[in-house]
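Below you'll find the structure, written out as structure tokens, and then a few comments.
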Amino acid sequence: MDKIDIKSLNEVELLGLMNDLNQPKFRAAQLFKWLQQGIEGFDEMTNIPKSLRDALKEKCYIANVSIVKKFVSKIDGTVKYVYELFDGERIESVVMKYEHGYTVCISTQVGCRMGCSFCASGLDGLFRNLTPSEMLAQITKAQQDNGIRISNVVMMGMGEPLDNFSNSVKFLQLVSCDNGLNIGLRHISLSTSGVVSRIKDLKDYNFPITLSISLHAPNDEIRSSMMKVNKKWGVDELLAACKEYQGVTTRRISFEYALIEGVNDSDACADELAKKLRGLMCHVNIIPANPVKENSFKKPDMNKIIHFKERLIKKGINATVRRTLGADIDASCGQLRRKVKEGIGSENLQ
Ligand code: SAH
Ligand code: SF4
């Protein structure tokens, strides 16, 4: 019999479990609180009788992550983790400090099957989806390890959250529960490469999260050369879905645009982008592309990056260049996990 992933259950589902075990209803709320706070074993639940803890051990498991490697930036204190899951698979998370508090960037899958040409996460394809509990555990582990409370979450680590749709939705519901981590949905961003069918599904939940679209190019010719997903849903279809999404949620949409020299950094690209985004309440986040050793692309120099931003702003589009945190521990999105797999260390390793 497969054991139940108890940390992925909401309070109603825990009530059902308590009912099956002939337990009083109030136990469900107690369990939920313990689990969502990030305890790692049933015996840590001090207000739960031993008989129930034993029954739970038989029937259920608690999904945990363990720290395999930890890198701390000497520049800004950004912390990157490589976590190991129960089956030995590895994922990464990053904790960043901003004026308004701590933000964690979590992974939603082991690997990714979207295969974007510039990204390290997709190089080996998808291994498996993460459970809601494994997404939560990345937050609670980082909180415990640093003795902090995390106030913001970005689903921007390894994986495509909308390719793991039901688990990502359940995670959003759990993480924002009053009795759980209680991180408001307004403090959460979900980043997608543009899985249009799922953007439509997500719209129906009307979560007040920030939807972040990895656009990276203003037209199909360029975008399809970088992102396979664009062959299924082109730029116009994606932007139409964003418009529809905004029509329901009334939330500003964020567009990620990784500038790659000679690919998507021309004035014509900026102009076309500005034209296509007109009418959408949005913000463009320009990211200097992070070279991945398996690829040959380069990021443009800073003057070119600023020029691209200014050109968008002149055309009425809100744009900023993303601040690079943890530059000395490089390794964004999937790069760190590969390095650890290949046995490449870092002098910042703790
Ligand atoms: N799969 C989702 C979320 C994870 S990727 C998505 O694609 O949106 C998180 C962000 O990192 C995306 O905007 C992605 O395009 C960007 N990214 C991936 N590799 C990068 C690289 N080498 N340089 C800069 N940004 C990169
Ligand atoms: Fe997957 Fe996002 Fe990387 Fe594309 S950019 S391969 S969708 S993680």
* Asked: Counting alpha carbon pairs within less than 8 Å and at least 6 residues apart, what relative contact order, in whole percent, applies to segment 4-61?
  -> 38 percent
* Asked: Under a plain spin-label model, where a point goes 7 Å from the Cα along Cα-to-Cβ, how far apart in nm are residue 261 and residue 248?
  -> 4.3 nm
* For segment 4-61, with only Lys/Arg (+1) and Asp/Glu (-1) charged at the beta-carbon, what is the dipole magnitude about the Cα centre, in debye rounded to 20? -> 180 debye
* To do: Of the options 209, 16, 229, report the single residue whose Cα projects farthest towards the positive end of the charge dipole of the chain (beta-carbon charges: Lys, Arg +1; Asp, Glu -1).
  => 209
* D_trans [Stokes-Einstein, Kirkwood Rh over alpha-carbon pairs] for the chain, 20 °C, 1.002 mPa s, µm² s⁻¹ -> 101 µm²/s
* For residue 111, enumerate residues with amide H under 5 Å from its amide H, sequence gap 5+ or separate chain, H modeled in the peptide plane. => 127
* Listed residue (6, 187, 154) projecting farthest to the positive dipole end of the chain, Cβ model -> 187
* Top mean-square fluctuation among 51, 168, 151, Gaussian network model of the chain, C-alpha springs under 10 Å? -> 51
* If you put +1 on each Lys and Arg Cβ and -1 on each Asp and Glu Cβ, how big is the dipole of the chain around its Cα centre, in Debye rounded to 20? -> 540 debye
* Structure fact -> Taking 250, 320 and ranking on accessible area (1.4 Å, protein atoms only), highest first, one gets 250, 320
* To do: Just flag the trypsin sites (Lys or Arg not before Pro) in segment 124-207 sitting in loop per DSSP whose Cβ has no more than 16 other Cβ atoms within 10 Å.
  => 149
* Structure fact -> Rounded to the nearest 10 degrees, the helix 165-175 long axis (Cα) sits at an angle to the longest Cα principal axis of the chain of 60 degrees
* Structure fact -> The correct ranking of 9, 35 by accessible area at 1.4 Å, largest first, is 9, 35
* **Straight-distance crosslink candidates among lysines, where the alpha carbon sits under 20 Å from residue 69 and sequence neighbours closer than 8 are dropped** => 80, 97, 141, 339, 341
* Structure fact -> Charge tally for neighbours of residue 246 with beta carbon under 10 Å away, counting Lys, Arg as +1 and Asp, Glu as -1, is +3
* Structure fact -> So, with points 7 Å from each Cα along the Cβ direction, the residue 47-residue 26 label distance in nm works out to 0.8 nm
* To do: Calculate, in nm to one decimal, what residue 99 and residue 320 gain on full extension: separation in residues at 0.36 nm each, minus their alpha carbon distance.
  => 77.8 nm
* When Lys and Arg each count +1 and Asp and Glu each count -1, what net charge do the other residues less than 13 Å away from residue 114, Cβ to Cβ, add up to? -> +3
* **Fluctuation leader among 26, 165, 118 - the chain, Gaussian network, Cα springs under 10 angstrom** => 26
* Structure fact -> For residue 203, the lysines lying under 19 Å Cα to Cα, once residues fewer than eight places off in the same chain are dropped, come out as 170, 243
* In segment 58-95, which trypsin sites (Lys or Arg not before Pro) are in a loop and have at most 14 other Cβ atoms within 10 Å, using DSSP for the loop call? -> 74
* Charge dipole (debye, nearest 20) of segment 23-114; +1 at Cβ of Lys and Arg, -1 at Cβ of Asp and Glu -> 140 debye
* Restricting to the chain, what percent of DSSP beta bridges are antiparallel, rounded to 5? -> 45 percent
* Asked: In terms of the Cα gyration tensor, with a ≥ b ≥ c the square roots of its eigenvalues, is segment 4-61 rounded because a/c is under 1.5, prolate because a/b exceeds b/c, or oblate?
  -> rounded
* Structure fact -> A 1.4 Å probe over the protein heavy atoms gives segment 72-341 a carbon and sulfur accessible-area percentage of 49 percent
* Structure fact -> Of 177, 60, ordered by accessible area with the largest first and a 1.4 Å probe, the sequence is 177, 60
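The values are calculated or read from the model by the stated rules, or taken from the named source; none is laboratory data. Please read all numbers here as calculations on a predicted model, not as lab measurements. Virtual Cβ from ideal backbone geometry, glycine too; neighbours counted across all protein chains shown. When the accessible area is computed, the model is the full protein with side chains, heavy atoms only, and any ligands, DNA or RNA have been set aside. Shrake-Rupley method; radii C 1.70, N 1.55, O 1.52, S 1.80 Å.
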